[in-house]
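Enquirer: Supplied in structure tokens, the structure appears directly below.
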């Protein structure tokens, strides 16, 4: 593969492009005719045979043309594909869509997942940005019934935790408001370790609320990824090679299995890869359920402050140039948002 001739590289590139567009095996005669190649179909067929021997193409049936293998797609993406960028008109359209949104990370994530899935015709995934260190921002306590109190904890970066607490003793809404203001002022910007050192005299209720705050922050700190938003799953099922396919359903189940997906993201995304794009083709030998798929991933956010992951999953026969450009663009868009909000 390291010694492909210029002609072999061109033929491989054309076959990849043609197969992505048609989903059908590519024959030598059609290749010569469509692209006006200054070669005979016999010569092209011989070169296709050499590329097949090299493991870059395969022949589904004896009389069929060729289709790229996993290695063929990898070679194309890493060696032959020109770096592409989104046309200015598309960038302007997407930026306009987001300019209409409020400064709510959940809304931004949902819109990004929807637009990315629609424009790539793939399944999109976005993990919520996680702070490198979880810190307290604000507390609200609202009396419900009897000793039941709704506790709302807001962390730096906008993450919200809500829970009904059964207090050890009854308190009025006025007392709850005083506790909320006290903790919101005294704990602002503190992590779990510093909250644990809070030594002011505390009432029984204050101690109970403080313990809950500390436990919630510790729990958030231990989560491997934030909330995961998925969109466009039906796009994958509608692709010709996946129509009614159990392989596609296995791949989508992987997306919906949080523990497996977290494992995949933790093993594939480099910690300092903000704005960079990683392409996984055919599961890369590690995830058997993805052997017919490709995944394009990128980290977004601000290193040392808060980061998340954005990406798409689709068949190996995907438009890599367009998809990589879109993932990279949305990574930059969400990185700017996180930087502004944090």
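Enquirer: Inspect the stretch 150-169 for any residue being over 30 Å from residue 301 (Cα atoms) and out of contact with any strand residue (DSSP E or B) (no Cβ under 8 Å at 6 or more places or on another chain) and give the result as yes or no. Quick ask: steps written out before the conclusion?
Expert: Of the residues in the stretch 150-169, the ones over 30 Å from residue 301 (Cα atoms) are 150, 164-169.
Imposing the further condition that a residue be out of contact with any strand residue (DSSP E or B) (no Cβ under 8 Å at 6 or more places or on another chain) reduces the set to 168-169.
Yes, there is a match, as at least one residue in the stretch 150-169 is over 30 Å from residue 301 (Cα atoms) and out of contact with any strand residue (DSSP E or B) (no Cβ under 8 Å at 6 or more places or on another chain).
Enquirer: In the stretch 109-141, what residues are out of contact with any strand residue (DSSP E or B) (no Cβ under 9 Å at 6 or more places or on another chain), touching a residue at least 60 places away in the same chain (Cβ under 8 Å) and either assigned to a helix (DSSP H, G or I) or under 15 Å from residue 341 (Cα atoms) (or both)? Walk me through it before giving the result.
Expert: Residues of the stretch 109-141 that are out of contact with any strand residue (DSSP E or B) (no Cβ under 9 Å at 6 or more places or on another chain), as a first pass: 111, 119, 133.
The next check asks that each one be touching a residue at least 60 places away in the same chain (Cβ under 8 Å); those that pass are 119, 133.
119, the sole residue that qualifies.
Enquirer: Among the residues of the stretch 222-233, is there at least one that is farther than 30 Å from residue 254 by Cβ and either in contact with a helix residue (DSSP H, G or I) (Cβ under 8 Å, 6 or more places away or on another chain) or not assigned by TED's automatic domain parsing to the domain that holds residue 318 (or both)?
Expert: No, there is no match, as no residue in the stretch 222-233 is farther than 30 Å from residue 254 by Cβ and either in contact with a helix residue (DSSP H, G or I) (Cβ under 8 Å, 6 or more places away or on another chain) or not assigned by TED's automatic domain parsing to the domain that holds residue 318 (or both).
Enquirer: Another question about this same structure. Restricting the first residue to the stretch 168-181 and requiring it to be closer than 16 Å to residue 211 by Cα and in the same structural domain as residue 154 (by TED's automatic domain parsing), which pairs with a second residue that is part of a helix (DSSP H, G or I) and at pLDDT 90 or above meet a Cβ separation below 7 Å and a spacing of at least six or different chains?
Expert: 168/204; 168/205; 168/208; 169/204; 169/205; 179/205; 179/206; 179/209
Enquirer: If a residue must be without any contact (Cβ under 8 Å) to a residue 24 or more places away in the chain and in a loop (DSSP other than H, G, I, E, B), how many such residues does the stretch 79-105 contain?
Expert: The total comes to 5.
Enquirer: Against the conditions (1) outside the structural domain of residue 294 (by TED's automatic domain parsing); (2) under 30 Å from residue 111 (Cα atoms), where does residue 75 fall short? Just the number, please.
Expert: Every listed condition holds for residue 75 apart from (2).
Enquirer: Can you tell me which residue in the stretch 274-303 is modelled with the lowest pLDDT, limited to those that are in a loop (DSSP other than H, G, I, E, B) and under 13 Å from the mean Cα position of the chain (by Cα)?
Expert: So in the stretch 274-303, the residues in a loop (DSSP other than H, G, I, E, B) come out as 275-277, 286-287, 291-292, 303.
Next cut, under 13 Å from the mean Cα position of the chain (by Cα) only: 275-277.
Working: 275: 62, 276: 82, 277: 88.
The residue in question is 275.
Enquirer: When the residues of the stretch 181-207 are filtered to those that are buried (at least 19 other Cβ atoms within 10 Å of the Cβ) and over 33 Å from the mean Cα position of the chain (by Cα), which remaining residue is nearest to residue 131 (Cα to Cα)?
Expert: 183
Enquirer: Taking the stated definitions as given, is residue 216 buried (at least 16 other Cβ atoms within 10 Å of the Cβ), in contact with a strand residue (DSSP E or B) (Cβ under 7 Å, 6 or more places away or on another chain), outside any loop (DSSP other than H, G, I, E, B) and outside the structural domain of residue 307 (by TED's automatic domain parsing)?
Expert: yes
The values are calculated or read from the model by the stated rules, or taken from the named source; none is laboratory data. In this text, all values refer to a predicted model and were calculated from it rather than measured experimentally. Glycine gets a Cβ as well: all are built from the backbone with ideal geometry, and neighbour counts include every protein chain shown.
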